[in-house]
1. Hey, rough spin-label estimate for PHE327 and ILE385, points 7 angstrom out along Cα→Cβ, what's it come to in nanometres?
2. Which Cα, out of THR179, THR57, TYR122, lies furthest along the positive dipole direction of the chain (beta carbon charges, K/R +1, D/E -1)?
3. If each residue of separation counts as 0.36 nm, what is the full-extension length gain between ASP102 and TYR122 once their alpha-carbon separation is subtracted?
4. Among THR366, PHE31, PRO264, whose Cα lies farthest out toward the positive end of the dipole of the chain, if unit charges sit on the beta carbon of Lys, Arg (+1) and Asp, Glu (-1)?
5. If N is the number of residues in the chain, what value comes out of its Cα radius of gyration divided by 2.2 N^0.38 Å?
6. Suppose all protein chains stay in the model; what accessible area per residue would a 1.4 Å probe give for the chain, in Å²?
7. What residue among VAL357, VAL343, VAL302 has the largest mean-square fluctuation in a Gaussian network model of the chain, using Cα springs under 10 Å?
8. Using a 1.4 Å probe on the protein heavy atoms, what percent of the accessible area of the chain belongs to carbon and sulfur?
Amino acid sequence: MRGYFVFELKQFFTSKKNIAVFALLTFAALFYAFKLAPAYDPIEKVDYDEIEARYLTRAEFLDSMFGKSLYGYHESVGHAVSMFGFLNPYDERRLQALDEGDLRNYADETSDWYYYTNVYTYRNELLAYNPRYYMEDRRFAEEEAYYAYFEQFQRYDTYKRVWYDLTIEILEQRTALQTLERLLKGPLPYILLIATLLLTIDIVTKDRRHPSVLKGFPIADWKRLLVKVFVGLIGSVFLWIPIIVGLMIVGFQFGFGNLDLPVPVYGYELIANEQGKFVHMSMGIFLFRCFLLLATWMVVIVSAVLLCSIIFRQEMFNLLVGGLLIFGDRFYASRGVGYFWNVEYFPISYVQVGNIVSKYQNFYFTSEGLHDMLGLKLLLASAAIIIVLTLLISLSKRFRLIK
């Protein structure tokens, strides 16, 4: 069996198709590290000019209204005087902290600024969030901004108490670990799962090209399949090498960050009070929980490919079933759907691992049931069922790997 394992491993890593997958992923990681990461332009950033322009505009308005009676003015003017008079001192102290280079004090003032600005702005016709929130999905732009401001409040509220030195790169989430956090909340889970699918799509069907060679390994089919599962998972682990190389390059440009960096976590069950709707976890815990969920997904993908391979014996079916597993949630994913359906019980609801662990999906689906531990249980159960079913089917002569 050891000889067969070495044979499968060699075939896997010398396959031209698999080499192309690794090469493409390496190119994408390097392109991201050198081109996209430096060009990252967050909506919420440390922008002295923006803060100063807002402060001076509001200060000029308040000066023009100083000493005047509000009688005869529209009621909105009185609201504006009250809001700007309360918020402007925060911007003044933020500017002062930046002038002094005191980022810890800047974080302290900014956390309060985000909280109170959010309270005043949400569903208020007098104030508006950053216009960039309204570029896409206009129907829910205000809700996205509301979420983002409370998230920033929690992040900055943690920054003011951390043990490490703050940098602009940390505040703008440009460090390597924070870049990984953003990617895990974005396209990276899809990229890795698609790559896993492409690597293993022919891991069984290729045997038909070398039947005489494989007959030289006198082992049962179920043992062959278990070996293929392990080989597929080993290959999936190697997908992280280009990702790590890309993150190292980002780290040398903007810093690596550390595992104690805060990651805000939405608390669906919490009531919006002076603490907002968020708690936080450390970057280390966030990454561990994401990797655990993602690794389980890779087991499901590899297992599903093996099952389809012995039943249908066509790579196109493997691609179709794998694609449905990865993108299946697109058929029902929409805002508020969790209010009507128990989406937390669908294993395919847990593909976006970063959004699951940070509980953004709870906010998006309006569901309190989505949790990475529940997703882990569902995926492990699914993988176990698929593997057992695969091994049982492989015992039938009708579905022998080599005929």
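The values are calculated or read from the model by the stated rules, or taken from the named source; none is laboratory data. A quick note: this is a predicted structure, and the numbers were derived from the prediction, not measured. Because the Cβ atoms are built from the backbone with ideal geometry, glycine has one as well, and the counts that use them run over all protein chains shown. Heads up: the accessible areas ignore ligands, DNA and RNA and are worked out on the full protein's heavy atoms, side chains in. Shrake-Rupley method; radii C 1.70, N 1.55, O 1.52, S 1.80 Å.
1. Placing both labels 7 Å beyond Cα along the Cβ direction yields 2.4 nm.
2. Checking the options against the dipole of the chain, the answer is THR179.
3. Details: separation 20, 0.36 × 20 = 7.20 nm, distance 2.97 nm.
Contour length minus the Cα-Cα distance gives 4.2 nm.
4. Looking along the dipole axis, the top candidate is PHE31.
5. Its radius of gyration relative to the 2.2 N^0.38 Å reference: 1.22.
6. Result: 50 Å² per residue.
7. It is VAL343.
8. On the way: 12690 of 20000 Å².
Looking at the chain in its full context, I get 63 percent from C and S.
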